[in-house]
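See structure below.
The values are calculated or read from the model by the stated rules, or taken from the named source; none is laboratory data. Bear in mind that the values here come from a model prediction, so they are computed numbers and not experimental data. No Cβ is skipped: glycine too gets one built from the backbone with ideal geometry, and neighbour counts run over all protein chains shown.
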Amino acid sequence: MAVRSFQARLLYLLIAILVLLDAGTLISVYFAGQRTLRNTVADQLRVGSRVLNRILDTRARQLSDSLRVLALDFAFREAVASADVPTITSVLANHGSRISADAVVLVNLNGVVTADTLGGRLSGKPFPFAALLRDAQNHGEASAMVSFANRPYQFVLVPVLAPRPIAWVCAGFEIDERVLTDVRRLTHLDIAIWSSSAGPQLAPDESKYATLEQPLPTGDGSQVNALLASNLEEAQKPFRKLELQIFALSTIVLIVAVFAAVIFARSVSQPLRVLAEGAGRVERGDYVTPIVVEQEDEIGHLATAFNQMQSAIATREDEIRYQATHDALTGLPNRTLFLDRLSYAIAGAKRSTGSAVGGPSVGMIMMDVDRFKEINDTLGHQVGDQLLIDIGRRLEHTLRQSDTVARLGGDEFAVMFMAPTFKHAEEVAARIVGAFDAPIILGDVSIDVNASLGIALYPAHADDAGTLMRHADIAMYDAKREHSGIAVYEPGRDEHTLRRLSLIMDLRQAIVRDELELYFQPKADVRSERVGHAEALVRWNHPRHGVMRPDEFIPLAEQSGKIGLITKWVIRKAIAQCAQWRREGLDLAVAVNLSALDLFDSELPVFISGLLTEAGLPPASIVLEITESAVMKDAAFAQKMLADLKRRGVCLAIDDFGTGYSSLAHLKRLPVDELKIDKSFVLNLTETAADDLVIVRSTIELGHNMGLVVIAEGVETAESWAILKRLGCDMAQGYFMTKPLPAEAFKAWLQASRWGSSAR
Amino acid sequence: MKVTVRLIAAVLAAAIAAPLAAATIEARVTDPRGNPVHDAVVYAIPDGRTLPLAKKSAVMDQKNRMFIPHVLPVQAGTAVRFPNSDDIRHQVYSFSPAKTFQLPLYAGTPATPLVFDKAGVVVLGCNIHDQMSAFIIVVETPYFDKTAADGRASLGGLESGRYTLHVWYPDMRTEPQPQNVTVKSDERMTVSFVGHGRS
């Protein structure tokens with residue numbers, strides 16, 4: 001966790017600094033102590049060396065003085081003068097013992113030993129320490145350190161005066177333990193003195209002793225060394241004590257400092273942890289609980305800033321949530337929120353009852369304002385927007401507080417309410433429609449609002465909010481299409497819609513997969529009762545749905561923009577078939593239906609001319625049938641288009657005449673050749689069906705008056721055929737002759753039937 | 001210090017009028033630097049003749065803690081008295097082979113003098129005053145003298161004949177080489193010695 005590691009890091013850093021400081025102090029004290037110790041010990045050894053030399057000098061002088069006094073003893077001199085060696089030897093021993101000499105030697109003035117106390121070992125030989133003797137001859141006396149019998153000795157030499165020198169007496173004193181003890185007592189050093197031939201007597205451990213080895217001046221060139229040794233452990237004692245004290249002191253300081261550091265680190269990290277927890281609460285969406293840090297320092301300011309930020313975030317989140325769930329224009333809930341509430345309501349309904357039957361139901365109405373685009377375009381967006389706002393208000397006023405009114409986008413509104421029954425739902429819808437009975441007045445404009453309402457209910461129509469909305473939507477489109485104002489969702493409509501979508505997808509592949517096929521239905525001349533034309537009708541051999549009629553998929557092709565491809569395919573196939581029949585001796589013109597959208601394809605006339613030329617057919621071999629409503633879509637452009645086709649010699653027909661609202665004046669301007677009466681007038685045509693009879697008769701008369709060929713569709717009975725013949729209709733088409741047939745079957749039928757015998 | 005002795009002798013025969021037919025030897029003793037040596041004893045031993053012991057006497061006084069004279073040449077057989085002129089006692093002794101003796105602490109003059117009948121140097125000391133020393137030079141000839149401060153000594157009344165001339169003085173390292181001389185009556189001869197050692 002970051003906070004803990006920060007505290008730990010802070011703590012570690014502080015402790016590390018303190019430990020380093022302590023360690024540094026201890027190390028420097030240690031090294032300073034060692035340095036001082038070394039210097040001290042070295043000084044001690046040097047001083048010890050000087051003390052040793054001084055002691056030896058002093059001893060030499062004292063010995064010399066003693067010997068001098070001895071040599072002046074009259075009896076001694078008398079004995080020496082006697083020249084009697086045994087006497088002399090005894091007096092040497094006797095007097096030598098007075099001064100504690102270890103050896104006494106008498107030397108004559110020629111440097112030859114006369115007598116000694118060493119059992120005559122030296123007698124008769126030259127004095128072994130010639131340099132000592134020379135020194136004495138020059139200075140009256142001499143003393144020196146010598147190595148004698150492998151032991152260090154101090155030898156002193158003085159003359160025997162009577163009163164003139166008559167001989168030299170020499171006394172040797174071994175440097176024994178007493179001397180060394182003196183030195184030790186004075187210097188606190190260990191000491192050893194040895195003659196080099198004997199080797200060192202003291203071999204101190206180098207790690208425990210500091211030593212100084214020093215050659216001592218000797219009178220005979222022999223090697224006498226002194227070794228001074230200082231016991232380091234002893235010398236180090238005060239330093240050890242000092243180090244221990246400093247260590248103890250710094251340990252105490254360290255402990256105190258660590259405690260202080262812990263407290264300090266905590267005082268920093270604790271509020272940080274509080275801040276982190278506060279930030280965590282904000283992250284979880286808690287904008288209420290404030291962060292409490294009772295400090296006036298930077299962290300306290302930070303906590304205050306945190307709290308301010310918290311409330312600012314809360315405010316902004318509210319705003320964002322509102323914007324996300326509400327429509328900016330009307331202030332009503334938007335689609336998201338509506339879906340939420342719908343889901344919530346459905347979930348609540350599901351909870352309150354185990355079974356859907358008879359339980360509480362949730363109703364919704366999808367509402368679309370009719371002709372809103374026209375209003376918007378005509379009166380401007382501002383008016384349109386204001387209208388939407390007013391519609392929203394009226395909806396809200398119409399409904400209960402607990403119901404939800406939402407704007408889903410554009411001119412689409414939705415209402416949700418708790419509806420115990422269908423009847424109740426329809427009442428709500430009726431109330432909404434009633435709310436718009438009075439026009440909405442915007443400034444000086446009065447607008448009549450008509451709306452289409454689609455009702456869908458849970459659980460009857462859907463089990464979830466999304467499906468319920470889609471079904472309400474479908475119902476609304478039904479209402480719009482049927483101009484009924486209100487429609488309730490019909491079960492199954494949804495599947496129909498899905499099938500449509502699926503077919504649109506399949507249609508893309510239909511031409512490529514060669515699933516389309518042309519069927520032909522004959523048009524017979526009424527008077528001659530012979531077939532002159534064949535209308536080409538496209539069939540779709542759908543792999544799953546089987547053979548489909550044009551009215552099932554042509555509207556889909558129009559919607560999905562595939563109609564152009566299908567039309568061209570039909571024209572190409574129809575012309576090819578026509579050419580084939582002509583080669584086979586059947587002189588037939590083929591009729592092809594054009595969609596309203598085909599009239600906007602300006603390349604179509606060239607395309608058709610090209611195909612006819614290619615096939616070697618006269619232009620009149622093809623009849624293009626255009627519905628009345630298609631012509632009415634864009635009359636001016638359609639007129640130009642038709643004129644172009646007409647100029648190319650193509651025969652033109654108005655299809656389904658009587659269902660549209662075309663004006664006669666308009667019709668008069670169209671360059672068409674034929675008029676096809678819609679089959680709805682013909683199917684039930686009997687002598688007793690007065691209305692249809694009137695319409696058919698007057699249409700035939702109208703057509704003839706305008707110089708057009710009139711064709712009746714949907715002729716199924718002999719009676720209707722007879723009526724048409726009586727009314728003077730030019731051509732007829734329908735099951736009375738035959739249903740549409742594939743090309744081969746059509747040819748066979750034609751050659752076998754009475755209709756085909758008089759082919760041109 | 002190593003001592004070398006070099007003797008340079010120049011013998012000058014000088015005919016100096018000597019009415020009693022006695023010859024005289026004038027001797028001069030110097031140290032190597034040419035400084036005169038004081039209290040040097042010069043004596044002549046006649047060749048081939050023995051001379052009778054002298055019945056002479058001499059005095060070695062002690063005054064102010066000093067022996068006076070410092071150097072006393074005597075002919076063998078001479079009796080020397082040792083008066084004590086100080087008001088303190090002295091104990092005179094000699095360990096010299098020529099005459100070993102000891103005069104116990106005494107004041108005044110001892111009753112009997114000591115006869116020095118053996119040639120040699122007798123070193124005198126006082127046992128209670130170490131700094132006191134003196135020399136009695138016992139020679140077997142009546143012909144001897146002691147140099148004065150100018151380093152000169154004079155041996156007079158010599159019979160004609162051959163002599164060996166010796167020199168001794170305190171602190172000398174080695175006795176200078178004796179010189180053989182022949183003197184004739186009335187002859188005055190001058191002999192020089194150069195000694196090595198302190199004067």
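Just one of the listed residues (A:V224, A:V258, A:V262, A:V253) is more than 60 Å from the chain's Cα centre (by Cα), of a type in the set (V, I, T) and over 30 Å from A:E78 (Cα atoms), and it is A:V224.
Scanning the range A:113-132 for residues that are touching a Gly at 6+ places or on another chain (Cβ under 7 Å) and surrounded by 14 or more Cβ atoms within 10 Å (Cβ to Cβ) yields A:V113, A:T117, A:F127, A:F129, A:A131, A:L132.
Can you name the number of the only condition in (1) modelled with pLDDT of 85 or more; (2) out of contact with any Ser or Thr (no Cβ under 7 Å at 6 or more places or on another chain); (3) closer than 30 Å to A:L227 by Cβ; (4) surrounded by 18 or more Cβ atoms within 10 Å (Cβ to Cβ) that A:F148 fails? Among (1) modelled with pLDDT of 85 or more; (2) out of contact with any Ser or Thr (no Cβ under 7 Å at 6 or more places or on another chain); (3) closer than 30 Å to A:L227 by Cβ; (4) surrounded by 18 or more Cβ atoms within 10 Å (Cβ to Cβ), A:F148 violates only (1).
Suppose the filter is surrounded by 13 or more Cβ atoms within 10 Å (Cβ to Cβ), touching a helix residue (DSSP H, G or I) at 6+ places or on another chain (Cβ under 8 Å) and modelled with pLDDT of 90 or more; does A:L442 pass it? Reasoning before the result, please.
Details: surrounded by 13 or more Cβ atoms within 10 Å (Cβ to Cβ): yes; touching a helix residue (DSSP H, G or I) at 6+ places or on another chain (Cβ under 8 Å): yes; modelled with pLDDT of 90 or more: no.
Against the criterion (surrounded by 13 or more Cβ atoms within 10 Å (Cβ to Cβ), touching a helix residue (DSSP H, G or I) at 6+ places or on another chain (Cβ under 8 Å) and modelled with pLDDT of 90 or more), A:L442 does not qualify.
When you look at B:M66, is it in contact with a Phe, Trp or Tyr (Cβ under 6 Å, 6 or more places away or on another chain) and over 22 Å from A:A167 (Cβ atoms), yes or no? Here the answer is no, as B:M66 does not meet what is asked.
State whether the residues of the range A:260-267 include one that is crowded, with 16+ Cβ neighbours inside 10 Å and within 26 Å of A:L18 (Cα to Cα). Can you show your working first?
Our first condition is that a residue be crowded, with 16+ Cβ neighbours inside 10 Å; within the range A:260-267, this holds for A:261, A:265.
Now narrow it down to the ones that are within 26 Å of A:L18 (Cα to Cα): A:261, A:265.
Yes, because at least one residue in the range A:260-267 is crowded, with 16+ Cβ neighbours inside 10 Å and within 26 Å of A:L18 (Cα to Cα).
In the range A:310-337, of all residues being in contact with a helix residue (DSSP H, G or I) (Cβ under 8 Å, 6 or more places away or on another chain) and assigned to a helix (DSSP H, G or I), the one that is surrounded by the fewest Cβ atoms within 10 Å (Cβ to Cβ) corresponds to A:A324.
Looking at the range A:105-181, the strands (runs of 3 or more DSSP E) lying wholly inside it that each contain 1 or more residues that are of a type in the set (S, T, N, Q) and in contact with a Leu (Cβ under 9 Å, 6 or more places away or on another chain) sit at A:113-116, A:142-148, A:151-161. Does B:S185 fit the bill of being of a type outside the set (A, V, I, L, M, F, W, C), more than 14 Å from chain A (Cβ to nearest Cβ), out of contact with any Asp or Glu (no Cβ under 6 Å at 6 or more places or on another chain) and in a strand (DSSP E or B)? In short, no.
Can you say whether A:Q201 is at pLDDT below 85 and touching a helix residue (DSSP H, G or I) at 6+ places or on another chain (Cβ under 6 Å), as far as the supplied structure shows? Break it down stepwise before answering.
Details: at pLDDT below 85: yes; touching a helix residue (DSSP H, G or I) at 6+ places or on another chain (Cβ under 6 Å): no.
Judged against the criteria, A:Q201 is not a match.
For the range A:82-94, the candidate set comprises residues that are surrounded by fewer than 21 Cβ atoms within 10 Å (Cβ to Cβ) and within 14 Å of chain B (Cβ to nearest Cβ); within that set, the residue that is nearest to the chain's Cα centre (by Cα) is A:T87.
Kindly evaluate A:F31 against the criterion of being of a type in the set (F, W, Y), part of a helix (DSSP H, G or I) and in contact (Cβ under 8 Å) with a residue 60 or more places away in the chain. Full working, then the answer.
Working: of a type in the set (F, W, Y): yes; part of a helix (DSSP H, G or I): yes; in contact (Cβ under 8 Å) with a residue 60 or more places away in the chain: no.
No; evaluated as a whole, the condition is false for this residue.
Per-residue answers, yes or no, for (1) more than 20 Å from A:R393 (Cα to Cα); (2) part of a loop (DSSP other than H, G, I, E, B):
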{"site": "A:L408", "(1), (2)": "no, no"}
{"site": "A:M416", "(1), (2)": "no, no"}
{"site": "A:I432", "(1), (2)": "no, no"}
{"site": "A:P491", "(1), (2)": "yes, yes"}
{"site": "A:L503", "(1), (2)": "yes, no"}
{"site": "A:E517", "(1), (2)": "yes, no"}
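For first residues located in the range A:722-734 and within 20 Å of A:A653 (Cα to Cα), partners that are surrounded by 22 or more Cβ atoms within 10 Å (Cβ to Cβ) and of a type in the set (D, E) and lie 6+ apart or on another chain with Cβ distances below 7 Å form the pairs A:Q733/A:E535; A:Q733/A:E713; A:G734/A:E713.
Name the single residue that is modelled with the highest pLDDT among those in the range A:668-680 being under 14 Å from A:A712 (Cβ atoms) and out of contact with any Phe, Trp or Tyr (no Cβ under 9 Å at 6 or more places or on another chain). It would help to see each step written out before you state the result.
Step one: filter the range A:668-680 for residues under 14 Å from A:A712 (Cβ atoms), giving A:674-680.
From what is left, the residues that are out of contact with any Phe, Trp or Tyr (no Cβ under 9 Å at 6 or more places or on another chain) are A:674, A:679-680.
Values: A:E674: 91, A:K679: 87, A:S680: 87.
That would be A:E674.
Cβ-Cβ contacts under 8 Å between residues 6 or more apart (or on different chains), taken from a first residue in the range A:195-212 that is within 21 Å of A:R35 (Cα to Cα) to a second residue that is modelled with pLDDT under 75 and in a helix (DSSP H, G or I), are absent.
Residues in the range B:49-57: is at least one at pLDDT 90 or above and touching a strand residue (DSSP E or B) at 6+ places or on another chain (Cβ under 8 Å)? Give the steps one after another, and end with the answer.
Narrowing the range B:49-57 to residues at pLDDT 90 or above: none.
Among the residues of the range B:49-57, not one is at pLDDT 90 or above and touching a strand residue (DSSP E or B) at 6+ places or on another chain (Cβ under 8 Å), which makes the answer no.
Restricting A:S452, A:S484, A:S502 to those that are in contact with a helix residue (DSSP H, G or I) (Cβ under 8 Å, 6 or more places away or on another chain), at pLDDT below 85, farther than 29 Å from A:W581 by Cα and of a type in the set (S, T, Y) reduces the list to A:S484.
Criterion first (under 28 Å from B:V191 (Cβ atoms), surrounded by fewer than 15 Cβ atoms within 10 Å (Cβ to Cβ) and modelled with pLDDT under 90) does B:G161 satisfy it?
So B:G161 fails the test.
Screening the candidates A:A665, A:A689, A:A722, A:A732 for the property of being more than 60 Å from the chain's Cα centre (by Cα), modelled with pLDDT under 90 and farther than 24 Å from A:A596 by Cβ yields one hit, A:A689. Across the range A:710-747, the number of residues qualifying as under 16 Å from A:V696 (Cα atoms) and assigned to a strand (DSSP E or B) comes to 6.
A:D598 meets the conditions (1) in contact (Cβ under 8 Å) with a residue 12 or more places away in the chain; (2) surrounded by fewer than 16 Cβ atoms within 10 Å (Cβ to Cβ) in every case but one. The failed one is (2). Exactly one residue out of A:L388, A:L342 is in contact (Cβ under 8 Å) with a residue 60 or more places away in the chain and in a helix (DSSP H, G or I): that is A:L342.
Tell me the residue from B:T164, B:T112, B:T182 that is polar (S, T, N, Q) and within 19 Å of B:L72 (Cα to Cα), please. I'd like the intermediate steps shown before the answer.
Values: B:T164 fails: within 19 Å of B:L72 (Cα to Cα); B:T182 fails: within 19 Å of B:L72 (Cα to Cα).
That would be B:T112, the only listed residue that is polar (S, T, N, Q) and within 19 Å of B:L72 (Cα to Cα).
Okay, residues lined up against (1) surrounded by 14 or more Cβ atoms within 10 Å (Cβ to Cβ); (2) within 14 Å of chain B (Cβ to nearest Cβ); (3) of a type outside the set (V, I, T):
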{"position": "A:L70", "(1), (2), (3)": "yes, yes, yes"}
{"position": "A:G96", "(1), (2), (3)": "yes, no, yes"}
{"position": "A:R134", "(1), (2), (3)": "yes, yes, yes"}
{"position": "A:V160", "(1), (2), (3)": "yes, yes, no"}
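The criterion of at least 2 residues that are in contact (Cβ under 8 Å) with a residue 24 or more places away in the chain and more than 14 Å from chain A (Cβ to nearest Cβ) is met by the following strands (runs of 3 or more DSSP E) wholly inside the range B:80-155: B:114-116, B:129-139, B:144-146.
For residues that are of a type outside the set (A, V, I, L, M) and either within 15 Å of B:D117 (Cβ to Cβ) or surrounded by fewer than 14 Cβ atoms within 10 Å (Cβ to Cβ) (or both), tally how many sit in the range B:42-72. Spell out how you get there, then give the answer.
Going residue by residue through the range B:42-72, those that are of a type outside the set (A, V, I, L, M) are B:43, B:46-50, B:52, B:55-57, B:61-65, B:67, B:69-70.
Then drop every residue that is not either within 15 Å of B:D117 (Cβ to Cβ) or surrounded by fewer than 14 Cβ atoms within 10 Å (Cβ to Cβ) (or both), which leaves B:47-50, B:52, B:55-57, B:63-65.
Qualifying residue count, the range B:42-72: 11.
Within the range A:501-551, if we keep just the residues that are touching a Ser or Thr at 6+ places or on another chain (Cβ under 7 Å) and closer than 18 Å to A:G564 by Cβ, the residue that is surrounded by the fewest Cβ atoms within 10 Å (Cβ to Cβ) turns out to be A:I504.
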